[in-house]
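These notes concern the structure reproduced below.
The values are calculated or read from the model by the stated rules, or taken from the named source; none is laboratory data. Predicted, not measured: the structure shown is a model, and the values here were computed from it. Note: ideal-geometry Cβ built from the backbone for every residue, glycine included; neighbour counts use all protein chains shown. Just so you know, the surface numbers come from the protein's heavy atoms only, side chains and all, with ligands and any DNA or RNA stripped out. Shrake-Rupley method; radii C 1.70, N 1.55, O 1.52, S 1.80 Å.
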Amino acid sequence: MTQAELLAFQETLVFTLSEPDRSARAGISRTDLMGISPGMVDLLASLALGKRIEKVTKILRKTCAYLQSDLEELAAPFAARHPPIRPDSFYNACQFYSFLRHRWRVHFPNPSFLPDLAYCELAMIAVERGIRSERLSRLRLGSDELLKIRRHPAAHFHRCEYNIQKLLDGTDPDGSTVPREPVCLILSQPLSETVPKVFQINDQLFALLRSWHAWSVHSSQDLLQEGPQCEFWQKLERLGFIEVVPCV
Amino acid sequence: MHQSYKSCSPPVGIGFRPEAYEATLKNLERFDVLEIMVDHYISGTHKIRERILDLSSRIPVVGHGVGLSIGTAVPPDEFYLDQVAEVLELIRAPWHSEHLAFTKVPGRDLAQLLPIPRTVAAAECVIHNLEIVRKHIPKPFALENITYYFEYSDCELSEQDFIQLICRESGALLLLDLENVYLNATNHGYDAFAFIDSFPKSLVKGVHVAGGTALGALMLDSHDRPVPNQALELLKYLLRTQTPDSIVLERDERLDDFDEVLEDIGRLKAAVSAAAA
C-alpha cells in the first residue's frame with residue numbers, strides 16, 4: 001500500500017463514517033473499507049455522531065433541552081447537511097444552529113422563542129472567547145492622548161422577538177413566562193466579571209452602539225471631561241460594549 | 001509553586017476536564033499529577049485557559065492531545081503543532097502524548113479515533129509525521145495505543161510490532177493505555193499480559209487507565225465507569241518491569257460523581273504500593 005493508497009482509503013473511511021444515511025453508504029463495499037463489516041460501520045458512525053451531538057449539547061444546553069426527544073431524529077439530517085469539518089464544540093454548535101435556522105423556515109420552532117435562545121446561547125460562548133482590556137478607566141483626567149473607539153468585537157448585539165432575558169440569566173430557568181415582546185440585548189463580558197452577561201438596553205442606544213463597526217478617533221480630553229459624559233464612556237467600556245485603544 | 005512530584009511513585013493523577021474544575025481544585029492534594037489536554041487550552045475560553053494555567057502552577061502536569069491525527073497519510077498541521085508547543089511551554093509540561101490513530105483527512109474531521117492499518121507503509125507515514133512533530137515540539141513525545149473494534153483485512157504486523165517499529169525508528173515513547181489493552185484483549189481474544197511483556201524496558205513513558213462499558217458482546221472505551229479490576233491487575237503486572245513517569249485516570253463522563261473518581265485514585269495508589277512491595 002503506497003502513501004497515496006493509504007490516504008485514499010482513509011478518505012473513503014472518514015467520508016463513509018460521516019454519512020449517517022445507510023443508503024448513502026450503499027455503494028461502498030467491504031473491500032473498499034478493508035473488510036470492515038456494515039454493522040461495524042453503523043456502530044462507528046453512530047458513536048462519532050453521538051459524540052458530535054454531545055459537543056453541541058454542551059454549548060446549546062437550554063436549546064437542546066427544549067428539543068429533547070426531537071434531538072435524536074435531528075441528528076442524522078444535521079450530519080447529512082453539515083458534515084464534521086472541525087472537532088471543537090463551538091464550531092459544531094454553530095453548524096447545528098445553522099441547521100436549525102434552516103429547519104425553522106419550514107417547521108415552526110416549539111417553543112417559539114427557540115431561535116432567540118439558540119442565538120444567545122451561541123453568542124455567550126463567543127463573548128467568553130473575546131479579549132477584553134481596560135483603557136479609559138485607567139487614563140487620568142486631562143490626559144491628551146488620542147484614542148480609537150469602536151463597538152467591542154466580542155460583544156453580540158441581538159434584537160430578540162421574545163424577551164428571553166430571564167431565561168438566559170436564570171431567573172426563569174424553565175421559560176414559563178417568556179413574553180412575545182421585542183427587546184434589544186447586548187451579550188458581553190464586563191471587565192469585572194468572569195462570565196458573560198446579558199443586558200437589555202433601549203432601542204436608540206442599541207442602534208448607536210451597533211453602528212460603531214469601524215474605529216473612530218477621539219481626544220481623551222473630549223471623552224474624559226469630568227461629569228456624566230466621562231462616566232458614560234467609562235461605563236460602556238466596563239460593561240464590555242466598546243473597545244478603546246490608543247492611537248499609534 | 002510545585003517543584004517535583006509528590007509522595008507516590010510513579011505519580012498518580014487524573015486527566016483534567018474543565019467541567020470538573022471545582023471538584024479537581026477542591027481535591028488537588030489527592031493527586032500527584034494532572035494531565036492537561038492541550039486542545040482544551042487551544043480552543044478554550046479565557047476562563048478555561050486561566051484555570052489550566054492556575055492548576056499548572058500548583059501541581060506537576062503532563063501534556064496530552066487529541067487533535068494531531070498522526071496516522072493520517074498527510075503531513076501534520078504545523079500551525080497546530082506550534083500552538084501545542086506554546087501551550088506545553090506555558091503549562092511547563094515535561095513531555096507530551098498523542099494517539100497512535102487517525103481522526104481526519106483533508107476536509108473532514110470525524111473527531112473519532114480510528115486505528116491505522118498496520119502495514120509497513122502506514123508505519124513509515126507515521127514515522128515521517130513524527131519527524132515533523134519533533135521539529136516543532138522539542139520535548140519527549142509518546143504515542144498512545146487506542147481501542148479498536150475491528151481488524152483491517154490487509155494488516156501485515158501485529159499491534160505490538162507496529163508500535164515497536166514506529167517507536168524504534170522515530171524515537172517516540174509509549175503511553176500505554178491499560179484499559180485499551182484490556183478491551184482489545186477481550187474483544188479480539190489475546191493475552192493482555194503477553195502484550196505488555198512484548199515491550200522493551202523504559203519504552204513506557206506513561207500509563208492511562210479508565211473504565212468502559214459493555215455494548216452487547218463488545219466492550220467500549222467509554223471513560224465513564226470505575227476502572228475494572230482487570231486493568232488494575234495489568235497495572236501491577238506492568239510495574240514489575242516498567243517505570244512510567246505518570247499514571248493517569250481518564251474519566252470523561254459522569255464527572256458529577258467525583259467521589260467515584262477519588263475512589264479510583266485510591267485504588268490506583270494501592271495498586272502502585274502493592275506492586276512496589
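Going by Cα centres, the range B:26-67 and the range A:1-80 are how many Å apart?
What the calculation gives is 30 Å, centre to centre.
Can you grab the distance from the C-alpha centre of the range B:100-127 to the C-alpha centre of the range B:143-165, Å, no decimals?
Going from one Cα centre to the other spans 11 Å.
Going by amide H atoms built from the backbone, whose H comes under 5 Å of the H on B:V61, apart from near neighbours?
So B:V61 has HN proximity to B:L34.
What does the extension gain come out to for B:H46 and B:S158, with contour length at 0.36 nm per residue minus their alpha carbon separation?
Values: separation 112, 0.36 × 112 = 40.32 nm, distance 4.38 nm.
Full extension from B:H46 to B:S158 adds 35.9 nm.
Give me a comma-separated list of calculated 3J(HN,Hα) values for the range B:179-187, in order, Karplus coefficients 6.51, -1.76, 1.60 applied at θ = phi - 60°, integers in Hz, x for any Gly or Pro.
5, 5, 4, 4, 5, 5, 5, 5, 6
Please give the residues of the range A:1-21, grouped as numeric ranges, whose backbone N is less than 12 Å from a label point set 7 Å along the Cα-to-Cβ vector of B:V120.
Within reach of a label on B:V120, which here means backbone N under 12 Å from a point 7 Å along Cα→Cβ, the range A:1-21 contributes A:1.
Just the number please: accessible area per residue for the protein assembly as shown, 1.4 Å probe, all protein chains included, in Å². Before the final figure, lay out the partial values.
Details: 23530 Å² over 525 residues.
With the other protein chains kept in place, the protein assembly as shown gives 45 Å² per residue.
Between A:S216 and B:F79, take the C-beta separation as r, use R0 = 41 Å, and let me know the FRET efficiency to the nearest 0.05.
After rounding, the FRET efficiency stands at 0.75.
Run the helix sum for chain B: -39,500 (n - 2.57) per DSSP H stretch of 4+ residues, divided by residue count, reported at 222 nm to the nearest 500 deg cm²/dmol.
Numbers: 10 runs with 113 residues, N = 277.
That calculation yields -12500 deg cm²/dmol at 222 nm.
Which residues make up the longest stretch of chain A clear of chymotrypsin sites (Phe, Trp or Tyr not before Pro) that lie in a DSSP loop with no more than 16 other Cβ atoms within 10 Å, not counting the sites? Intermediate values should be presented prior to the final figure.
Working: sites that count: A:W104, A:W212, A:W215.
Free of exposed loop sites, the longest segment is A:105-211.
Take the Cβ-Cβ distance between A:V245 and B:E86 as r, set R0 to 30 Å, and report the resulting FRET efficiency rounded to the nearest 0.05. Could you put the intermediate results ahead of the total?
Numbers: r = 24 Å, r/R0 = 0.81.
Computed FRET efficiency for A:V245 and B:E86 comes out at 0.80.
Just want the answer: with Cβ charges of +1 for Lys and Arg and -1 for Asp and Glu, which residue in A:Q95, A:M124, A:Q68 is farthest toward the dipole's positive end in the range A:64-131?
A:Q95
Return the Rg/Rh value of chain A, two decimal places, where both radii are evaluated on C-alpha atoms and Rh is the Kirkwood radius. Before the final figure, lay out the partial values.
Numbers: Rg = 23.9 Å, Rh = 21.3 Å.
Ratio of gyration radius to Kirkwood radius for chain A: 1.12.
Rounded to the nearest percent, how much of the accessible area of the protein assembly as shown (1.4 Å probe, protein heavy atoms only) is carbon and sulfur?
Values: 12070 of 23530 Å².
On the protein assembly as shown, the fraction of accessible area on carbon and sulfur atoms equals 51 percent.
Sort A:R103, A:R151 by heavy-atom solvent-accessible area, probe 1.4 angstrom, most to least. Don't jump to the answer; show the numbers that get you there.
Numbers: A:R103 85, A:R151 55 Å².
Ranked list, largest accessible area first: A:R103, A:R151.
Per-residue accessible area for A:K62 at 1.4 Å probe radius, Å² rounded to 10?
The accessible area comes out at roughly 70 Å².
Name the long-range amide H neighbours of A:G35: under 5 Å, sequence gap of 5 or more, or other chain; modelled H, no Pro or chain starts.
HN-HN under 5 Å from A:G35: B:S153.
Place a +1 charge on the Cβ of each Lys and Arg in the protein assembly as shown and a -1 charge on the Cβ of each Asp and Glu, then give the dipole magnitude about the Cα centre in debye, rounded to the nearest 20.
1080 debye
Please give the FRET efficiency for A:L191 paired with A:K58, using the beta carbon to beta carbon distance and R0 = 35 Å, rounded to the nearest 0.05.
Details: r = 26 Å, r/R0 = 0.75.
Computed FRET efficiency for A:L191 and A:K58 comes out at 0.85.
Return the lysines within reach of A:K62: Cα separation strictly under 27 angstrom, same-chain partners fewer than 8 residues apart disregarded; answer none if there are no such residues.
A:K62 reaches A:K51, A:K166, A:K197, B:K47.
Restricting the count to DSSP beta bridges whose residues both fall in the range B:1-152, what percent are antiparallel, rounded to a multiple of 5? Please report the intermediate quantities before stating the final value.
Values: 3 of 14 bridges.
Within the range B:1-152, antiparallel bridges account for around 20 percent of the total.
Highest GNM mean-square fluctuation, chain A, Cα pairs closer than 10 Å: which of A:G35, A:G175, A:G130?
Fluctuation is largest for A:G35.
Per DSSP H run of at least 4 residues, take -39500 (n - 2.57); add these up for chain A, divide by its residues and hand me the 222 nm value, nearest 500 deg cm²/dmol. Write down the numbers at each step before the final one.
Details: 10 runs with 117 residues, N = 248.
Helices in chain A give a 222 nm mean residue ellipticity of -14500 deg cm²/dmol.
For chain B, modelled as a GNM with alpha-carbon contacts under 10 angstrom, which of B:Y80, B:Y152, B:Y182 fluctuates the most?
B:Y152
Give the Cα extents of the range A:1-67 along the principal axes, in whole Å, largest first.
For the range A:1-67, the Cα extents along the three principal axes come out at 48, 25, 16 Å.
If I model a spin label as a point 7 Å beyond the Cα along the Cα-Cβ vector, how far apart are those points for A:K166 and B:D191 in nm?
Placing both labels 7 Å along Cα→Cβ, they lie 6.9 nm apart.
Just the Cα atoms of chain B, one point each, no solvent: what log10 I(q)/I(0) does Debye give at q = 0.10 Å⁻¹?
Results for chain B at q = 0.10 Å⁻¹ read -0.48.
Among DSSP beta bridges whose residues both lie in the protein assembly as shown, state the antiparallel percentage, nearest 5.
Working: 25 of 51 bridges.
Taking every DSSP beta bridge with both residues in the protein assembly as shown, the antiparallel ones total about 50 percent.
Rounding to the nearest 20 debye, state how big the charge dipole of the range B:88-139 is about its Cα centre with +1 on each Lys and Arg Cβ and -1 on each Asp and Glu Cβ.
Details: 7 positive and 5 negative charges, 11 e Å.
I would put it at about 60 debye.
Quick one: 3J(HN,Hα) in Hz for the range B:58-72, Karplus 6.51/-1.76/1.60 with θ = phi - 60°, rounded, Gly and Pro as x.
Residue by residue, the range B:58-72 yields 9, 8, x, 10, 10, x, 8, x, 10, x, 6, 6, 4, x, 5 Hz.
What's the magnitude of the charge dipole for the range B:1-129 around its Cα centre, counting Lys and Arg as +1 and Asp and Glu as -1 at the beta-carbon? Answer in Debye, nearest 20.
360 debye
Can you list residues from other chains, or at least 5 along the same chain, whose modelled amide H is less than 5 Å from the amide H of B:L220?
The list, which skips near neighbours in sequence, is B:T213, B:A214, B:L215.
Taking only Cα atoms and a 10 Å spring cutoff, compute GNM fluctuations for chain B and point out the largest among B:I42, B:I91, B:I14.
B:I42
Could you compute the net charge surrounding B:A231? Neighbours are other residues with a C-beta less than 12 Å from the C-beta of B:A231; K and R count +1, D and E count -1.
Details: positive: B:R225, B:K236, B:R267; negative: B:D177, B:E179, B:D221, B:E233, B:E250, B:D264.
In short, -3.
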